[in-house]
Amino acid sequence: MKIILIGASGTIGRKIAATVEKDHELVRVGSKSGDFRVDIGSTESIEKFFTEVGPFDTLISAAGDGHFGPLHSMTAKDFRKGLESKLLGQVNLVLIGQHYVRPKGSFTLTAGSLSEDPIALGANLSAVNAALEAFGRSAALELENGVRINVVSPTVVEDSPGYFPYFPGHIPVTMDRVAAAYAKSAFGAQTGQVYKVV
Ligand SMILES: NC(=O)c1ccc[n+]([C@@H]2O[C@H](COP(=O)([O-])OP(=O)(O)OC[C@H]3O[C@@H](n4cnc5c(N)ncnc54)[C@H](OP(=O)(O)O)[C@@H]3O)[C@@H](O)[C@H]2O)c1
């Protein structure tokens, strides 16, 4: 199976890569690293990327930034960061990638538990994560040729200790459980699901 992994060098992406690379052809992708480069914040860059990388079976995205900061000073420009990077970036991987994915292939996007379990400073990422989950549920109804889509929505992960102070009382999830959710999405049969890893 040819697997495209966007964000392969990241905290979550590295663990996904280690899980899938043994049994599959893995294409590592990032904006500054990897076998191929793409900036998911740019439609032109995504179009160029898919043309270069060619047909694939599975796309997993573990990339996309948002704005993290207090509501009282948040601006529309700040908010747009999450909309244009984490939300539209990943949505665009599907909107454009649907024309390159092989029949019965799949997409797996990354949201996060802030969609339903908010923390202070997280309004932008809460909104973006909820939108990604809704997009996945809905896009599953219309993707053609048996192509599936699921969204993985983890809480803070054990390999991101820098985030722990912002998640009081949240128990970080193990990287093994996070990686398993991506494997369930990519290699299972379900579609339109949101896999909460909490
Ligand atoms: N870490 C957590 O606890 C946690 C929990 C829940 C959800 N999440 C979500 O999971 C995703 C990944 O998180 P992470 O902690 O693994 O992030 P990370 O360690 O910062 O890694 C980000 C990855 O994305 C790539 N990337 C960054 N900007 C990109 C762009 N514009 N286009 C394409 N690739 C890009 C980076 O590679 P390059 O440097 O080469 O661009 C890197 O491989 C994020 O959306 C985050 O919100 C994380």
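Structure data summary
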quantity	calculated
Filter result for the condition that a residue is within 20 Å of GLU84 (Cα to Cα) and open to solvent by 50 Å² or more (accessible area, probe 1.4 Å), over SER153, SER138	SER138
Filter result for GLY89 (crowded, with 21+ Cβ neighbours inside 10 Å and touching an Asp or Glu at 6+ places or on another chain (Cβ under 9 Å))	yes
Test for GLY82: is it in a loop (DSSP other than H, G, I, E, B) and crowded, with 19+ Cβ neighbours inside 10 Å	no
Hits in region 105-125 - residues which are assigned to a helix (DSSP H, G or I) and within 11 Å of the ligand (Cβ to nearest atom)	SER113, LEU114, SER115, ASN124, LEU125
Filter result (in contact (Cβ under 8 Å) with a residue 12 or more places away in the chain, surrounded by fewer than 17 Cβ atoms within 10 Å (Cβ to Cβ) and more than 9 Å from the ligand (Cβ to nearest atom)) within region 4-22	ALA18
Selection within region 1-28 - among the β-branched types (Val, Ile, Thr), outside any strand (DSSP E or B) and under 12 Å from ALA186 (Cβ atoms)	ILE16, THR19, VAL20
Close pairs (9 angstrom Cβ cut-off, 6 or more residues apart or separate chains): closer than 14 Å to THR11 by Cβ in region 54-72, more than 16 Å from the ligand (Cβ to nearest atom) and open to solvent by 20 Å² or more (accessible area, probe 1.4 Å) anywhere	none
Whichever residue in region 95-115 is over 9 Å from SER61 (Cβ atoms) and of a type in the set (A, V, I, L, M, F, W, C) and, among such residues, is surrounded by the most Cβ atoms within 10 Å (Cβ to Cβ)	ALA111
Failed item in (1) surrounded by fewer than 20 Cβ atoms within 10 Å (Cβ to Cβ); (2) within 20 Å of ASP39 (Cβ to Cβ), with LEU121 passing the rest	(2)
Flag if VAL94 is within 12 Å of the ligand (Cβ to nearest atom) and touching a Phe, Trp or Tyr at 6+ places or on another chain (Cβ under 6 Å)	no
Answer residue from region 29-67, given it is within 7 Å of the ligand (Cβ to nearest atom) and assigned to a strand (DSSP E or B) and is nearest to HIS99 (Cα to Cα) among those	VAL29
Qualifying position, being crowded, with 21+ Cβ neighbours inside 10 Å and within 27 Å of ALA179 (Cβ to Cβ), among GLY66, GLY54, GLY41, GLY34	GLY66
Failed condition for ALA131, given (1) in a helix (DSSP H, G or I); (2) under 19 Å from SER45 (Cβ atoms); (3) out of contact with any strand residue (DSSP E or B) (no Cβ under 9 Å at 6 or more places or on another chain); (4) open to solvent by 10 Å² or more (accessible area, probe 1.4 Å)	(2)
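The values are calculated or read from the model by the stated rules, or taken from the named source; none is laboratory data. What you see is a predicted model; the values in this text were computed from it and never measured. Methodologically, a virtual Cβ is constructed for each residue, glycine included, from the backbone with ideal geometry; neighbour enumeration extends over all protein chains shown. The accessibility values were calculated without ligands, DNA or RNA, using every heavy atom of the protein model including side chains. Shrake-Rupley method; radii C 1.70, N 1.55, O 1.52, S 1.80 Å.
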